[in-house]
Amino acid sequence: MSKSDPETADADAEMAVRNRSQYADTLHRPDPDSDEPEPACPVCYDDRADYTLVPVNAYRPHYDLCGYPQCFGGEDR
């Protein structure tokens with residue numbers, strides 16, 4: 001039996017998408033069908049915005065998680 005739990009390791013390394021704007025305050029789940037970092041929820045996507053991948057754990061204290069079902073909605077965090 002391995003000491004490291006794969007589910008815990010995945011949660012520790014979970015990535016999110018954030019808008020690079022200085023006013024951004026929300027993390028989104030990455031769109032799995034996109035080649036570029038984009039939010040999974042179409043409601044939050046802005047084609048004028050520039051998005052980047054960030055580690056959830058590093059940004060979570062200062063950013064909210066998107067509540068739409070396609071993103072982090074319905075998860076207990």
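The values are calculated or read from the model by the stated rules, or taken from the named source; none is laboratory data. Model, not experiment: these values are computed from the prediction. Each accessible area value is taken on the protein alone, full model and side chains, heavy atoms only, with ligands, DNA and RNA left out. Shrake-Rupley method; radii C 1.70, N 1.55, O 1.52, S 1.80 Å.
Looking at the stretch 11-60, which of the residues that are assigned to a loop (DSSP other than H, G, I, E, B) and small (Gly, Ala, Ser) is nearest to residue 71 (Cα to Cα)? Lay out the reasoning, then the answer.
As a first pass, look at the stretch 11-60 and keep what is assigned to a loop (DSSP other than H, G, I, E, B): 13-14, 20-25, 29, 31-38, 40-50, 60.
Applying the additional criterion that residues be small (Gly, Ala, Ser) yields 13, 21, 24, 34, 40, 49.
Working: 13: 17, 21: 19, 24: 16, 34: 14, 40: 6, 49: 18 Å.
Among them, the one singled out is 40.
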*Which of the residues belonging to the stretch 27-62 are open to solvent by less than 60 Å² (accessible area, probe 1.4 Å) and of a type in the set (S, T, N, Q)?*
34, 52
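Would it be correct to say that residue 67 is of a type in the set (Gly, Ala, Ser) and open to solvent by less than 50 Å² (accessible area, probe 1.4 Å)?
Considered against the rule, which asks whether it is of a type in the set (Gly, Ala, Ser) and open to solvent by less than 50 Å² (accessible area, probe 1.4 Å), residue 67 comes out as no.
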